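The values are calculated or read from the model by the stated rules, or taken from the named source; none is laboratory data. Everything quoted here is computed from the prediction, not taken from an experiment. Counting neighbours? That spans all protein chains shown, and the Cβs are built from the backbone with ideal geometry, glycine included. Surface areas here come from the heavy atoms of the whole protein model, side chains and all, with no ligands, DNA or RNA. Shrake-Rupley method; radii C 1.70, N 1.55, O 1.52, S 1.80 Å.
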Amino acid sequence: MKRFTPFFVMSLVIILLAGLLASCRGPEGPQGPPGTSTVVNLEGFAPGINCGSCHNPDQDTVYYVWAKKYQWERSKHAWGGDYERNSSSCAGCHTTEGFVKRMQGKPVTNQVDSSPPGCFACHSPHARGDFSLRNASPVTIRSQIVGVPDAQFNYGKGNLCVQCHMTRDFTPRPDPTKTAATDSIVITTSRWYAHYGVQGQMLMGEGGFKFPGYMYTGNSVHTTLPAIKQEGCITCHMATPTAGSGIAGGHTMNLRYEFQGTARSLLNGCNQSGCHSNLTTLDYKGVQSAVNANFDTLKTLLIQRGWIDGNPSSSNYGLVRLTGGRLVIKPAIKAGALYNYFFVEHDRSEGVHNPKYALELLRSSIEELRKP
Ligand code: HEC
Ligand code: HEC
Ligand code: HEC
Ligand code: HEC
Ligand code: HEC
């Protein structure tokens, strides 16, 4: 319960405010000098906006702001807790304040007073007077593999998600041309990966490490299906649930959820027209099971080689194992298997985003590690 407390405090404030503001109109054009607005944001109010159209649940039958707040409260955006990652290098994705600055093209600074990705990150309701998306332009996702170009992510509204759900640079980068027995890569960080937001790349079928000589056959239909091309992540994660079946999708962005003590999955996104017709599980055709089985095999091989820490009681568990501060891999190309391991793990869809691509990355990595 502890983690919800701030939200309820906020709700109380709003209840009070809503009462006060229900009939009040926005100040006429107070966009003026920054600092004149004493309320919450950096961007001012659109001239003449009607506060009550969003702040009074009585009047609000357009946006259902209150409903969205309760949905958001159930999202990991709200409760994940990682908004404490608020230094200048993290705040641009982990805090609303830093993200707003980043989207405004301003430098992101340390953000001690931080809040998690919330309404004002993805929207700018006061300055715009509506809930249009703050930024839905295509996103360049920086490649983390030597010789592979950056990817252009362009999936409609889903572009907003990928402003944060994208890679972070790390070194040294894996290199598919380093195949000689003498080629070595020296890893000195236990977090040798491109951070956690690889979902955009996985969906497009980019960003995985491809071993020359292995036959990769492309992507699953998700990559190009019109319904997904148009809205990207939103197609599935923000689908509308069925009345009476619990709160999922929407601003919870959850596909697995609990309803009255029972585990459930939201399949309405999957079963829309043009997609599946009668899919009954997220583990459709056993994709998640197959990906998890291959993932476990790869994990075992990596542990056997001593490249990741397989000791569950170690604080380094599951991360790169450094001996004397380093891990040396020869030939360097084999590090691609380690890279793919984290890539699939951090995607977290257990293959669903792009089954064919995820499986082949895992299988080729396994094959590579089984070679002497
Ligand atoms: C287009 C919708 C919209 C309009 C119009 C709007 N707001 Fe908001 N406002 C929001 C949302 C969404 C939030 C964040 C969620 C919440 O706290 O309800 C918010 C938050 C606030 C907060 C911060 C509450 C807190 O506890 O942090 C204040 C204060 C506020 N609005 C005042 C106003 C005033 C005054 C007006 C009219 C000039 C106004 N709002 C008009 C959508 C709107
Ligand atoms: C402002 C940056 C930002 C944007 C924009 C953003 N996210 Fe997130 N997302 C995060 C962060 C940060 C987390 C992890 C939160 C934490 O751990 O505190 C997260 C977590 C999630 C999770 C939960 C992951 C898990 O491990 O359970 C889902 C699902 C998700 N985001 C989907 C989306 C979708 C879909 C969109 C677009 C509609 C989106 N996100 C837009 C930053 C963002
Ligand atoms: C480019 C955007 C971006 C930047 C910059 C960023 N992160 Fe993240 N981070 C994310 C997203 C998105 C997630 C959530 C992904 C998910 O849950 O699937 C995340 C997740 C995390 C998690 C949670 C992992 C977990 O297993 O729950 C930690 C911890 C974290 N980041 C730390 C940091 C730190 C520390 C920094 C700064 C040094 C940082 N991040 C910078 C986007 C970013
Ligand atoms: C992580 C990003 C993200 C966050 C945080 C977020 N939204 Fe949204 N919101 C979206 C996206 C994406 C859509 C478009 C969904 C669609 O088209 O189905 C949307 C749509 C909406 C809509 C419908 C807009 C319309 O014109 O029909 C409303 C209202 C809304 N959001 C309110 C909120 C409120 C209130 C909050 C805070 C409690 C919030 N959002 C937080 C991403 C976000
Ligand atoms: C085809 C539907 C679909 C699309 C499109 C999609 N996802 Fe997913 N996503 C899923 C499924 C299914 C899962 C697995 C959920 C599970 O098994 O718990 C998942 C899992 C996730 C998770 C981990 C959530 C968790 O609870 O562990 C994140 C984060 C995520 N997706 C983000 C995104 C982002 C960002 C995009 C857009 C780049 C995206 N997804 C596009 C269906 C989709």
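Return the total of residues in the stretch 167-194 being charged (D, E, K, R) and either closer than 17 Å to N316 by Cβ or touching a His at 6+ places or on another chain (Cβ under 7 Å) (or both).
First pass over the stretch 167-194, keeping only residues charged (D, E, K, R): 168-169, 173, 175, 178, 183, 191.
With either closer than 17 Å to N316 by Cβ or touching a His at 6+ places or on another chain (Cβ under 7 Å) (or both) added as a condition, the list becomes 168, 191.
Qualifying residue count for the region: 2.
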Checklist outcome for this item: Taking the stretch 247-269 and keeping residues more than 10 Å from ligand 2 (Cβ to nearest atom) and not in a strand (DSSP E or B) leaves I247, A248, G250, Q260, G261, L266, L267, N268, G269
Checklist entry - Where residues in the stretch 72-99 are open to solvent by 30 Å² or more (accessible area, probe 1.4 Å) and acidic (D, E), which of them is farthest from ligand 5 (Cβ to nearest atom)? => result E97
Item to check | Qualifying residue in the stretch 284-293 (condition: open to solvent by less than 30 Å² (accessible area, probe 1.4 Å) and within 29 Å of L133 (Cα to Cα)) | outcome: no
Item to check | Residue that is nearest to ligand 5 (Cβ to nearest atom) [pool: residues in the stretch 195-214 that are modelled with pLDDT of 95 or more and among the small types (G, A, S)] | outcome: G200
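Does E206 count as within 15 Å of ligand 2 (Cβ to nearest atom) and open to solvent by 40 Å² or more (accessible area, probe 1.4 Å)?
It is false that E206 is within 15 Å of ligand 2 (Cβ to nearest atom) and open to solvent by 40 Å² or more (accessible area, probe 1.4 Å).
Conditions (1) open to solvent by 40 Å² or more (accessible area, probe 1.4 Å); (2) assigned to a loop (DSSP other than H, G, I, E, B), marked per residue:
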residue: K101; (1), (2): yes, no
residue: K106; (1), (2): yes, yes
residue: S114; (1), (2): no, yes
residue: F120; (1), (2): yes, no
residue: T167; (1), (2): no, yes
residue: F170; (1), (2): no, yes
residue: D175; (1), (2): no, yes
residue: T182; (1), (2): yes, yes
Checklist entry - Which of the residues spanning the stretch 209-222 are surrounded by 13 or more Cβ atoms within 10 Å (Cβ to Cβ) and either away from ligand 2 (no atom under 16 Å from the Cβ) or in a loop (DSSP other than H, G, I, E, B) (or both)? => result F209, K210, F211, Y214, Y216, N219, S220
Item to check | Verdict on K285 being under 25 Å from D150 (Cα atoms) and away from ligand 4 (no atom under 16 Å from the Cβ) | outcome: no
Checklist entry - Before we move on, is G158 at positive phi and in contact (Cβ under 8 Å) with a residue 12 or more places away in the chain? => result no
Checklist entry - Looking at (1) closer than 29 Å to K371 by Cβ; (2) in contact with a strand residue (DSSP E or B) (Cβ under 9 Å, 6 or more places away or on another chain), can you tell me which one L255 breaks? => result (1)
Item to check | Within the stretch 122-145, considering residues that are away from ligand 4 (no atom under 16 Å from the Cβ) and among the hydroxyl-bearing types (S, T, Y), the one least open to solvent (accessible area, probe 1.4 Å) | outcome: S143
Item to check | Number of the condition not met by T242 [criteria: (1) over 22 Å from R363 (Cα atoms); (2) open to solvent by 80 Å² or more (accessible area, probe 1.4 Å)] | outcome: (2)
Item to check | Those residues of the stretch 146-163 which are in a loop (DSSP other than H, G, I, E, B) and surrounded by fewer than 19 Cβ atoms within 10 Å (Cβ to Cβ), in sequence order | outcome: V146, G147, V148, P149, D150, N154, G156, K157
Checklist outcome for this item: Filtering the stretch 223-237 down to residues that are within 14 Å of ligand 2 (Cβ to nearest atom) and either over 12 Å from G156 (Cβ atoms) or open to solvent by less than 40 Å² (accessible area, probe 1.4 Å) (or both) yields I228, G232, C233, I234, T235, C236, H237
